[in-house]
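Each value in this text was obtained by applying a stated rule to the coordinates, not by laboratory testing. Only a predicted model underlies this, so the values are computations on that prediction, with no experimental measurement involved. Note: ideal-geometry Cβ built from the backbone for every residue, glycine included; neighbour counts use all protein chains shown.
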Amino acid sequence: MGQETMGKKEKEKKKQKNRRDKEEKREERKLNNNKGKGLDAMMAYVDDDGNITATPPDPRKKKIIDPDTIQLGAAVRIPVDPADLIRNGVVTFFNEAKGYGFITDLKSQESVFVHVNQLSEAIQEKDKVTFEVQMGPKGANAVSVKKVQKTT
């Protein structure tokens with residue numbers, strides 16, 4: 001047999017190292033293989049806070065729901081009394097030149113926009129009025145605004 005050169009020895013060492021690395025990776029894959037594990041090893045649960053956990057929930061805390069009480073579809077609307085829709089308020093600001101103002105609801109202290117087109121008669125600041133609220137694109141609007149007549 002002939003003499004081996006330095007380059008051949010290094011190539012042989014490299015091949016041996018690659019074989020060992022490949023064998024180690026194969027062994028690692030065998031140890032971390034998830035195939036053949038049971039269903040319990042693959043299960044995940046959600047706790048009361050909405051976090052994913054490996055522990056199953058406590059069966060004593062199980063809630064029993066009657067399927068007959070579950071409502072499918074749109075909610076049933078309760079008819080609203082028209083008298084409940086009418087609110088009382090005070091005009092806090094009204095600009096006659098621009099044709100708009102604001103009414104403060106006496107019950108909720110909410111400020112509601114009012115436009116001159118929704119008035120049944122002319123109003124001024126500090127007038128007491130009755131009105132209905134309708135939601136517009138920019139918020140609550142007062143409609144059907146009527147001045148409260150003072151009784152003497």
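Quick notes on this one:
- Label-point separation, Val76 to Lys15 (7 Å along Cα→Cβ), nm: 8.5 nm
- Dipole magnitude for the chain: computed about the Cα centre from +1 point charges on Lys and Arg Cβ and -1 point charges on Asp and Glu Cβ, it is near 1640 debye.
- Computed packing ranks the peptides 67-74, 45-52 as 45-52, 67-74, most packed first, by mean other Cβ atoms within 10 Å.
- Taking GluC sites (Glu not before Pro) in DSSP loop states with no more than 16 other Cβ atoms inside 10 Å as exposed sites, the chain has its longest site-free stretch at 5-95.
- Contact order relative to length of the chain, as percent, for alpha carbon pairs under 8 angstrom and 6 or more apart: 14 percent
- Value of [θ]222 nm, deg cm²/dmol, for the chain, DSSP H segments ≥ 4, -39500 (n - 2.57) each, nearest 500: -7000 deg cm²/dmol
- Helix 6-31 and the long axis of the chain differ in direction by around 50°, with both axes built from C-alpha atoms.
- Exposed-site-free run, longest, the chain (rule: trypsin sites (Lys or Arg not before Pro); DSSP loop; at most 13 other C-beta within 10 Å): 1-34
- The alpha-carbon atoms of the chain define a convex hull whose volume equals 384 cubic angstrom per residue.
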